[in-house]
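A.B. asks: What follows is a structure written as C-alpha cells; I'll ask about it next.
What follows is calculated from the coordinates using simple rules that are stated; it is not laboratory data. For clarity, every value in this text was computed on a predicted model and none was experimentally measured. Neighbour counts run over all protein chains shown; Cβ positions are idealised from the backbone, glycine included.
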Ligand code: NGO
C-alpha cells in the first residue's frame, strides 16, 4: 500500500472538515460561507459539496496518474490550451498538482464512478476504482475549468476551479450513441472525432450501423463484394466507401481509449439490399437487385428458406465477432416488412443462435421480441413512439434487458423545429425539452427500471453528410440523453439542466463543434 503523503493527508483532512462544516452549516448557523458548486457539469453528478474556496492551476503544475492512458489524455488537453508544461508521471508515489489515483475511492463509485476533490492547498485529486472512473472524473474536472480549456491553441486563463468534493457514479450501465455510416459513409477519422465528443458526456457504448439498403461499410473476407460493390454508393448516389477490418479495429481501439465499447450492427433480414445486390446467390430468385440510393425502407429481405443465407450470416457475424472485444453483436431486425411473420421468427431465431455460437450476446431493435424471447443476456432496443410494446415487455419479464431509444425523444435525426435544415419529422420534432423530458427507467408500460440497461441516441444519416451535420444534430441533444443515462433521477430538473447545457456552449465553441443554438437555452455571449 502507498503511504499517504503529507499533501494527500491534508486533502483528506480538509475534505472531511469541509463535509463536517457543510453539515453544520445546514443546521447550526453559518459555520462556513454559504457556497454552492457552480451548476455547470453535464451529466449532473450524484453529489457536489462546495467548500467556498478556489484553486488556480499554477504554470508549474504537475500531473500524476495511476493510469497512463487517462493521464496522457488529460495532459494532452491541458497542455494545448494552458501552454503549461504539465509533466506527467505514471504511478508516482506522491501526488502531483493533479493526481489521478486508483486507490482510496469509496466503494460506492463502482466501476465507472469517481470522487473528485479540489482544494486550495491540495490541488486536484481524482480517485476511482478503475481507469474508466478516472476518465469520467477527468471529464468533470475539464467542465469545472473555463470552457476555453478545450481549445487546441494556448488561451489566457486563469485556470481556476471551485473547491470541494464531487462524488459520482452512473444510474445506468449502458449509455450509448449510434451512428449510421450506411446511409452516408463516414470515415474512421470522422467517427473518432464523434467518439471524442461523446466521451465528454460519459457515453460508454458506440453502436455502429454498418449495413443497410444503401451501403455495406465493413470488409468481410469471406464475402468480399459486400464492401467493394455493396459499399460503392450511398443515399443520393455518392461514391460511398467502406472500412477495412484494420480500420474497424483501429476505431474499436480508439473507442476503448475513451472507455467506450463498440457494438457493431449488421441489419437483417430487412435493410439488406446492398448485400442482395452484391451476391445474386443470396436472392430467392437468384437475381441480384440494383444498388439502391433512395430512402425508402422495408422492401428488402434476405431469403429465409435458403440454406446459403445462414452460411452468410454465420461467416459475416463470425468475422465481426472475432474483431469485436465488446459483448454485443447487433442484428438489427427492424422493419422487415417484406418478410412474413413466420419467416421473420425463423430467421431471427437462427441469427440469434449464430450470435450465441460466436460467444456474443444479441442486441437488436425491439422488433426482435416479436420472434419470442431472445437468448439469455440479450438487449432489445426500443425505438417506438408510444409507451407500450407488449412483446418487449414480455421478453423483459423473461430477462431481456431494454435499451431505451424512443424515437420521439432520443432520435438525433429528428428536426429540432420545422425550420431545421437537416433531419426528418416522422417521429416528431425533438428540441432540448423533448430530448430531456422523459424517464428511461419509468417509460414503457410493463417495463420496470431494473429491466432497463440504459439509453441510446441513434443518429440516422439519410440527410446527414458531414461532421458538421453530425455535430449539429447531436449537440445539444446528445448531452440531454447522456444525462438521462448517467444522473440519478433525483437531479432531474429542466431549468437547472438547460443552465448546465448553456455552460457547454463555450466548450463546443472552443472545440469547433457546430452545435445548434436551441432557443430553449441561454448561451453565453460569444459562444
Ligand atoms: C427507423 C428505421 C431506420 C431509419 C430511421 C430514420 C429504425 C430502427 N429503423 O428506425 O431505417 O433510418 O427510422 O429515423
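A.B. asks: Going by a ≥ b ≥ c, the root eigenvalues of the Cα gyration tensor, does region 451-527 fall in the rounded group (a/c under 1.5), the prolate group (a/b larger than b/c) or the oblate group?
C.D. replies: Numbers: a/c = 2.40, a/b = 1.12, b/c = 2.13.
It comes out oblate by the Cα gyration axes.
A.B. asks: Per DSSP helix of 4 or more residues, -39500 (n - 2.57); summed, then divided by the residues of the chain. What does that give at 222 nm, rounded to the nearest 500? Mind dumping the intermediate values first?
C.D. replies: Working: 16 runs with 171 residues, N = 527.
For the chain, the value works out to -9500 deg cm²/dmol.
A.B. asks: Relative contact order of region 226-379, please, whole-number percent, based on alpha carbon pairs below 8 angstrom and at least 6 residues apart.
C.D. replies: Result for region 226-379 is 23 percent.
A.B. asks: Where does each of 261, 387 land when they are ranked from fewest to most other beta-carbon atoms within 10 angstrom? Mind showing how you got there, number by number?
C.D. replies: Details: 261 18, 387 14.
Ranking 261, 387 by Cβ neighbours within 10 Å, fewest first, gives 387, 261.
A.B. asks: Got the relative contact order for region 47-168 handy, in percent, Cα pairs under 8 Å and 6 or more residues apart?
C.D. replies: Relative contact order comes out at 35 percent.
A.B. asks: Taking the Cβ-Cβ separation of residue 394 and residue 468 as r and a Förster radius of 45 Å, what is the calculated FRET efficiency to the nearest 0.05?
C.D. replies: Details: r = 43 Å, r/R0 = 0.95.
Efficiency at R0 = 45 Å is approximately 0.60.
A.B. asks: Report the Cα centroid-to-centroid distance between region 296-320 and region 94-160 in angstrom, as an integer.
C.D. replies: Going from one Cα centre to the other spans 47 Å.
A.B. asks: Another question, then. Return the whole-Å distance between the Cα centroid of region 343-392 and the Cα centroid of region 162-230.
C.D. replies: 21 Å
A.B. asks: I need 469, 196 ordered by Cβ neighbour count within 10 Å, fewest first.
C.D. replies: In increasing order of surrounding Cβ atoms, one gets 196, 469.
A.B. asks: Assuming 0.36 nm per residue, please report the length gained on full extension of the stretch residue 246 to residue 153 beyond their Cα-Cα distance.
C.D. replies: Values: separation 93, 0.36 × 93 = 33.48 nm, distance 3.15 nm.
That pair, residue 246 and residue 153, stretches by 30.3 nm at full extension.
A.B. asks: Ok, one more. Please order 331, 368 by the number of other Cβ within 10 Å, starting at the fewest. Provide the component values of the computation, followed by the final result.
C.D. replies: Details: 331 25, 368 32.
So the ranking, lowest neighbour count to highest, is 331, 368.
A.B. asks: Roughly how tilted is helix 188-199, in degrees to the nearest 10 and between 0 and 90, from the longest Cα axis of the chain?
C.D. replies: 50 degrees
A.B. asks: Where in region 383-421 does the amide nitrogen come within less than 18 Å of the point 7 Å from the Cα of residue 450, taken along Cα to Cβ?
C.D. replies: Output list for this probe position: 393-403.
A.B. asks: Under 18 Å from the 7 Å Cα→Cβ point of residue 295, by amide nitrogen: which residues of region 183-214?
C.D. replies: 183-186, 212-214
A.B. asks: OK, next. With the Cα gyration tensor of region 32-139 giving a ≥ b ≥ c as the square roots of its eigenvalues, does the rule (a/c under 1.5 for rounded; else a/b larger than b/c for prolate; else oblate) give rounded, prolate or oblate? Spell out each step's value before the answer.
C.D. replies: On the way: a/c = 1.61, a/b = 1.14, b/c = 1.41.
It comes out oblate by the Cα gyration axes.
A.B. asks: What is region 195-280 by shape, rounded, prolate or oblate, if you read a ≥ b ≥ c off the alpha carbon gyration tensor as root eigenvalues and call it rounded for a/c under 1.5, prolate for a/b larger than b/c, and oblate otherwise?
C.D. replies: Values: a/c = 2.26, a/b = 2.00, b/c = 1.13.
It is prolate, given that a/c is not under 1.5 and a/b is the larger ratio.
A.B. asks: Relative contact order, percent, of the chain when contacts are C-alpha pairs under 8 Å separated by at least 6 residues? The partial results should precede the final answer.
C.D. replies: Numbers: 1201 pairs, mean separation 71.4, N = 527.
In percent, rounded to a whole number, it is 14.
A.B. asks: Can you run the Rg to Rh ratio on region 141-292? Use alpha carbon positions and the Kirkwood inverse-distance Rh.
C.D. replies: Working: Rg = 20.1 Å, Rh = 17.7 Å.
When Rh is taken as the Kirkwood radius, the ratio is 1.14.
A.B. asks: May I ask you to compute the full-extension gain from residue 39 to residue 93, defined as 0.36 nm times their residue separation minus their alpha-carbon distance, rounded to one decimal in nm?
C.D. replies: Values: separation 54, 0.36 × 54 = 19.44 nm, distance 3.39 nm.
Here the segment from residue 39 to residue 93 would lengthen by 16.0 nm.
A.B. asks: Stokes-Einstein at 4 °C, 1.567 mPa s, Kirkwood radius from Cα pairs: D for the chain in µm² s⁻¹? Please report the intermediate quantities before stating the final value.
C.D. replies: Numbers: Rh = 24.1 Å.
For these conditions, the coefficient is 54 µm²/s.
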